[in-house]
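A short worksheet on the structure shown next.
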Amino acid sequence: MALLEVRNLSKNFGGLAAVSEFDLDVEEGTIHGIIGPNGAGKTTLFNVISGTYRPSGGTVKFEGKLIAGKRPSAIAAMGAVRTFQHTALFEDFDTMGNVSIARHLHAKETIWGAILGTARKMELANEKRAEEIVEFIGLGEVKHELAVNLSHGHQRTLNVAMAVAAEPRLLMLDEPVAGMNPSETAEMTDIIRKLRNEWGITVILVEHDMRTVMNLCEHITVINFGKKLAEGSPDEIISNPEVIEAYLGSDDILGEDF
Ligand SMILES: Nc1ncnc2c1ncn2[C@@H]1O[C@H](COP(=O)(O)OP(=O)(O)O)[C@@H](O)[C@H]1O
Ligand SMILES: [Mg+2]
């Protein structure tokens, strides 16, 4: 059984089929890329999987359980957590503060914890884990910087750290290297690989940047006009004439080294 199983998924906006009869299997332990030209339906697909939008039709199963139509917080609590294409953080808190807040948002704290006096113990464990995540993800040097003062690359990395703070089994990243310079992109690529290799987190990566996708992903699904165009290994994808056709005329043409 795949960790994530999408069947016949559709999302319409008025007369526009942003995602149409889409099937997707994401195997546990893989880094799975979803690519496609601008407006292809990548973010919409993410929004439906993560619960931001209700599907117009079809099903989404995570660990065999139906999640389509549930609230994002409920889906995150089950272990499927997303980041957004645009950065969202608490600007007036430092790096550690942001990761701690993200943990609190997902913590299964109850009134009983407070009554039974375990809240303080949990608080300390939370802080320790937040620090571990910040170090692991390479933000140790800026852990006491206010988020608003971080570089663009560090802000995006902090966003990933905040998603990791929810202890996901499936991490869904929407354009994690958007707007990054080459060295920031290389750092983010390393972080994503490390999260999978060392912490075993399965990753779905929606990305405009072909090079990053080809570098990172073992498996790629191509979406165009809301429909699945192709699926396979990076080698299969870059030699697929339909994929090349879809990207012709856009500014996403592969670099010379492909
Ligand atoms: N909330 C929305 N309301 C109406 N149309 C939308 C909405 N979100 C996305 N769309 C449309 O759906 C299509 C797919 O968009 P999107 O999923 O953002 O593409 P991508 O992420 O691949 O660039 C586009 O035509 C877009 O204009
Ligand atoms: Mg998008």
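The values are calculated or read from the model by the stated rules, or taken from the named source; none is laboratory data. Here the structure is a predicted model, which means the values were calculated and not measured. FYI the Cβ positions are ideal-geometry reconstructions off the backbone, even for glycines, and counts take in every protein chain you see. Quick note on the areas: whole protein, heavy atoms, side chains included, nothing else; ligands and nucleic acids left out. Shrake-Rupley method; radii C 1.70, N 1.55, O 1.52, S 1.80 Å.
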Would you mind telling me the share, in percent, of accessible area of region 41-81 contributed by carbon and sulfur at probe 1.4 angstrom? 52 percent
Need the full-extension length gain, Asp25 to Glu135, defined as separation in residues times 0.36 nm minus the C-alpha distance. One decimal, nm. 36.4 nm
Can you list residues from other chains, or at least 5 along the same chain, whose modelled amide H is less than 5 Å from the amide H of Asn224? Leu229
Cut-off 10 angstrom, C-alpha nodes, Gaussian network model of the chain. Which of Ala130, Ala165, Ala88 fluctuates the most? Ala88
Straight-line reach from Lys121: which lysines fall under 23 Å, measuring Cα to Cα and dropping same-chain residues less than 8 apart? Lys108, Lys143
Segment Val148-Ser73, length gained on full extension (0.36 nm per residue, minus Cα span): 24.5 nm
Between Asn12 and Ala88, what is the spin-label point distance in nm, taking each point 7 Å from the Cα along the Cα→C-beta axis? 2.7 nm
Expected vector for region 157-172, Karplus 3J(HN,Hα) from phi with 6.51, -1.76, 1.60 and θ = phi - 60°, integer Hz, x for Gly and Pro, equals 5, 4, 4, 5, 4, 5, 6, 5, 4, 7, 6, x, 8, 10, 10, 10
What base-10 log of the normalised intensity I(q)/I(0) is obtained for the chain from the Debye formula, alpha carbons as equal point scatterers, at q = 0.11, 0.14, 0.15, 0.17 Å⁻¹? -0.61, -0.96, -1.09, -1.34
Pick from Ile237, Ile201, Ile35: which residue has the top mean-square fluctuation in a GNM of the chain where Cα pairs under 10 Å get a spring? Ile237
Compute the long axis of helix 119-136 from its Cα atoms, compare it with the longest principal axis of the Cα atoms of the chain, and write down the angle in degrees, 0 to 90, nearest 10. 50 degrees
Where is the GNM fluctuation largest for the chain (alpha-carbon springs, 10 angstrom cutoff): Arg169, Arg103, Arg211? Arg211
3J(HN,Hα) from dihedral phi, region 54-65, Karplus parametrisation 6.51/-1.76/1.60, rounded to Hz, x for glycine, proline: 7, x, 7, x, x, 10, 10, 10, 10, 6, x, 9
0 to 90° range, to nearest 10: angle between helix 182-199 axis and the chain longest Cα axis: 70 degrees
What nm distance separates the two modelled labels at Glu245 and Asn197, each placed 7 Å from Cα along Cα→Cβ? 3.8 nm
Say each of Lys61 and Asp235 gets a label point 7 Å from the Cα, pointing the same way as Cα to Cβ; how far apart are those two points in nm? 3.2 nm
Measure up Lys65/Lys194; Lys11/Lys227; Lys11/Lys70; Lys70/Lys128; Lys42/Lys228; Lys11/Lys61 against 21 Å on the Cα-Cα distance and list the ones that go over. Lys65/Lys194; Lys70/Lys128
Can you work out the accessible area per residue across the chain, with the rest of the protein chains kept in place, probe 1.4 Å, in square angstrom? 48 Å²
